[in-house]
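Undergrad: The structure under discussion is supplied below as structure tokens; questions concerning it will follow.
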Amino acid sequence: MQIADLIRRAGRQYGDAPALIDGERVVSFAEFDALTDRLGHALLARGLEPGDRVAVLLPNSIDGVVTYYALAKAGLVRVPLNARETPHEHAFKIDDSQARALVHVADPPTRVEIMITADELPGMIESAPEGPCDVPRDPGAPFRLAYTGGTTGKPKAVVLTTRSELAEIDNFLVDLLPNLRPESVMLHAAPITHGSGAFFLPHLVKGAANVILPKFTPAAFLEVAQKHRATTTFMVPTMIGMLLEHPDTPKADLTLERLCYGGAPIATSVLQRGIDLLGPIFTQLYGQAEAPLAITCLQPWEHTPERLASAGKPYTFVEVDIRDAEGRSLGPGEVGEVLTRGPHTMDHYWRRPEATAQTKEPDGWLHTGDIGRWDEQGYLYLLDRRHDVIISGGFNVYPREVEDVLLSHPAVVEAAVVGIPDEKWGERVTAAVVLRSPADPEEIRAFCTDRLAGFKRPKVVEIWPELPTSPVGKSLRREVRDRMLAAQRGEAPRREDS
Ligand code: AMP
């Protein structure tokens with residue numbers, strides 16, 4: 001089975017029903033099949049050969065999705081680039097992936113052999129031959145490259161195969177979206193280049209529409225979700241926070257059955273507010289680029305007050321283990337690294353054999369770099385990224401735990417906790433917070449006193465106007481730390497105290 005077969009079958013089965021909606025533009029299932037065939041032919045006619053990498057730098061749009069699946073049919077390897085990253089970051093990825101072609105809007109970040117602008121796509125499709133474009137692909141050969149990292153050194157590309165893509169659909173249909181039907185509607189509010197993209201095929205194969213939001217704002221989300229009666233969406237925690245703060249959210253007539261979220265830790269206070277406001281529709285996904293969106297999930301009915309801090313239980317077809325530094329499996333309550341194994345996980349890192357060897361065991365177990373523990377019922381609790389753990393006075397401090405406490409302060413809307421080198425403590429716990437209403441840093445520190453052990457309490461709380469986030473909305477602790485260190489050296493202004 002190839003991805004092309006799924007698209008073709010959906011085209012036959014669901015014909016004129018809307019498959020893709022972006023503003024006024026609607027593409028039916030039959031049209032989507034035809035468009036991807038024709039663009040596939042057109043790409044091959046430009047001299048591309050199966051296995052070639054094609055970088056795609058397009059905004060959340062129908063053109064982007066059509067291009068992705070034209071590549072799938074033509075046996076080409078997709079290298080999606082997030083439009084919100086910088087030209088410098090794009091150029092690195094285009095170069096590193098050895099892309100032969102770039103499909104882009106606006107100024108290209110660099111030049112490669114075959115340049116295709118978004119404006120050319122309709123003409124290419126128009127003049128291409130009709131009929132199926134079916135380049136068979138070895139199920140274990142690269143299907144797409146997903147860049148990850150970048151906050152710790154140079155980004156690496158995760159190689160995902162057709163086999164991983166098909167397994168990813170399985171995971172979603174079995175555990176997350178078992179009720180998909182032609183009336184279901186996926187609203188892509190987050191970039192399709194990342195997490196949201198994983199929801200596209202599961203909806204397509206079940207005859208459900210995928211609605212694309214070019215850019216997320218809470219107001220645009222509410223408008224489109226109501227207009228199209230959206231039943232599924234995916235958000236990173238920052239987006240949920242923004243939605244909950246919006247004055248129109250409580251009044252909205254939403255039909256969401258599942259609000260899937262993940263990609264970064266969420267504060268339990270935010271989650272509880274979300275459930276109170278929107279109902280029991282929250283579904284947490286824990287995954288990573290190396291194991292796309294599927295390691296564990298917390299189902300809506302598992303969002304009980306005592307479990308809100310959990311990332312859930314393993315997906316049905318995914319193995320998860322917690323191990324100590326010697327590789328021994330740990331039982332409930334013991335803290336170690338989370339490992340996972342399943343057919344959806346990455347094959348290897350593109351041209352990084354050493355990183356692959358460090359991350360993937362010969363028997364397929366993947367080191368996630370996350371620290372966690374099980375409870376007695378088999379629920380996973382993530383403590384933090386291995387690299388972000390702060391060691392203060394010889395104790396491990398998990399920044400996430402401290403951030404959760406800070407976020408439960410009524411004035412705090414965002415928080416990032418990092419370790420700053422300290423002669424006495426090794427590292428001192430330091431927090432940067434963004435406020436929704438005025439508050440005194442000393443009062444915020446005092447608030448932590450009852451709630452956190454002494455060694456975990458921030459020694460310093462700084463008030464920042466905003467926190468740096470990655471293009472997909474993850475808070476960048478490393479960047480926070482770098483700015484604090486630069487400020488310590490007197491290099492750059494870092495904040496506006498309020
Ligand atoms: P990425 O590969 O960029 O998607 O980042 C994956 C990392 O994000 C994981 O290894 C976790 O550290 C974090 N992450 C993803 N999902 C969750 C979640 N549900 N809860 C906490 N952290 C998460």
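Undergrad: How big is the charge dipole of the chain about its Cα centre, in debye rounded to the nearest 20, if each Lys and Arg gets +1 on its Cβ and each Asp and Glu gets -1 on its Cβ?
TA: 300
Undergrad: Just to confirm a number: summing +1 for Lys and Arg and -1 for Asp and Glu over residues other than Val417 whose beta-carbon lies under 15 angstrom from that of Val417, what do you get? If you can, show how the numbers build up before the last one.
TA: Details: positive: Arg385, Arg400, Arg428, Arg445, Arg451, Lys456, Arg457, Lys459, Lys474, Arg477, Arg478, Arg481, Arg483; negative: Asp384, Asp388, Glu401, Glu403, Asp404, Glu414, Asp422, Glu427, Glu462, Glu479, Asp482.
In short, +2.
Undergrad: Given C-alpha coordinates of segment 3-318, what is the ratio Rg to Rh with the Kirkwood estimate of Rh?
TA: Rounded to two decimals, Rg/Rh equals 0.96.
Undergrad: On the first, second and third principal axes, largest extent first, how far apart are the outermost C-alpha atoms of segment 306-375 in Å?
TA: 44, 26, 18
Undergrad: Starting with the highest mean, order 141-147, 95-101, 446-452 by the number of other Cβ atoms within 10 Å, averaged over the residues of each peptide.
TA: Ranked by mean Cβ neighbours within 10 Å, highest first: 141-147, 95-101, 446-452.
Undergrad: Ordering Asp119, Asp347, Asp52 by accessible area with a probe of 1.4 Å, largest first, what comes out?
TA: Most to least solvent-accessible, the answer reads Asp119, Asp347, Asp52.
Undergrad: Heavy-atom accessible area of Ser408 with all protein chains present, probe 1.4 Å, nearest 10 Å²?
TA: Its heavy atoms expose roughly 60 Å² to the probe.
Undergrad: Order the following by accessible area, largest value first: Met115, Met242. Probe radius 1.4 Å; ligands, DNA and RNA are ignored.
TA: Largest accessible area first, the list is Met242, Met115.
Undergrad: If you roll a 1.4 Å probe over segment 337-423 with all protein chains in place, what percent of the accessible area is carbon or sulfur?
TA: 50
Undergrad: Over 30 Å between C-alpha atoms is what I'm after, so list which of Lys360/Lys459; Lys360/Lys456; Lys93/Lys474; Lys156/Lys424 land there.
TA: Too far apart for the 30 Å limit: Lys360/Lys459; Lys360/Lys456; Lys156/Lys424.
Undergrad: Let me ask something additional. If Lys and Arg each add +1 and Asp and Glu each add -1, what is the summed charge of the other residues whose beta carbon sits under 14 Å from the beta carbon of Thr296?
TA: Cβ neighbours under 14 Å give a net charge of -2.
Undergrad: I would also like to ask the following. How big is the dipole moment of segment 389-488 about its Cα centre under a simple scheme where the beta carbon of each Lys and Arg is +1, that of each Asp and Glu is -1, and everything else is neutral? Debye, nearest 20, please.
TA: Around 220 debye, computed over segment 389-488.
Undergrad: Placing one identical point scatterer on every Cα of segment 344-498 and ignoring solvent, what is log10 I(q)/I(0) from the Debye formula at q = 0.13, 0.20, 0.21 Å⁻¹?
TA: Debye curve over Cα of segment 344-498, log10 I(q)/I(0) at q = 0.13, 0.20, 0.21 Å⁻¹: -0.71, -1.29, -1.36.
Undergrad: With Cβ to Cβ distances under 14 Å as the rule, what net charge do the other residues near Ala83 carry (K, R +1; D, E -1)?
TA: With Lys, Arg at +1 and Asp, Glu at -1, the net is -1.
Undergrad: Let me ask you something else. So if R0 is 25 Å, what FRET efficiency would Asp363 and Val389 give, r being the distance between their Cβ atoms, rounded to the nearest 0.05?
TA: FRET efficiency, Asp363 to Val389: 0.40.
Undergrad: Ignoring ligands, DNA and RNA, what percent of the 1.4 Å accessible area of segment 155-224 is carbon and sulfur?
TA: That fraction is 55 percent.
Undergrad: Follow-up. Given the protein chains as shown and a 1.4 Å probe, how many square angstrom of Ser329 are accessible, to the nearest 10?
TA: Probe radius 1.4 Å; accessible area of Ser329 about 80 Å².
Undergrad: Now, a different point. Can you give the convex hull volume of the alpha carbon atoms of segment 1-61 per residue, in Å³?
TA: Output value, Cα hull per residue: 102 Å³.
Undergrad: Please give the calculated 222 nm ellipticity per residue for the chain, where each DSSP H segment of at least 4 residues contributes -39500 (n - 2.57) and the sum is spread over every residue; nearest 500 deg cm²/dmol?
TA: My calculation for the chain gives -8500 deg cm²/dmol from helical runs alone.
Undergrad: If you don't mind, another one. Using a probe radius of 1.4 Å on heavy atoms only, what accessible surface per residue do you get for the chain? Whole Å² is fine.
TA: On a per-residue basis, the chain sits at 42 Å².
Undergrad: Also, I was wondering about something else. Quick one: work out the % antiparallel among DSSP beta bridges in the chain, nearest 5.
TA: Looking only at bridges with both residues in the chain, the antiparallel portion is about 60 percent.
The values are calculated or read from the model by the stated rules, or taken from the named source; none is laboratory data. Please read these numbers as outputs of a predicted model, since none were measured by experiment. Cβ atoms come from the backbone with ideal geometry, glycine included; neighbour counts cover every protein chain shown. Each accessible area value is taken on the protein alone, full model and side chains, heavy atoms only, with ligands, DNA and RNA left out. Shrake-Rupley method; radii C 1.70, N 1.55, O 1.52, S 1.80 Å.
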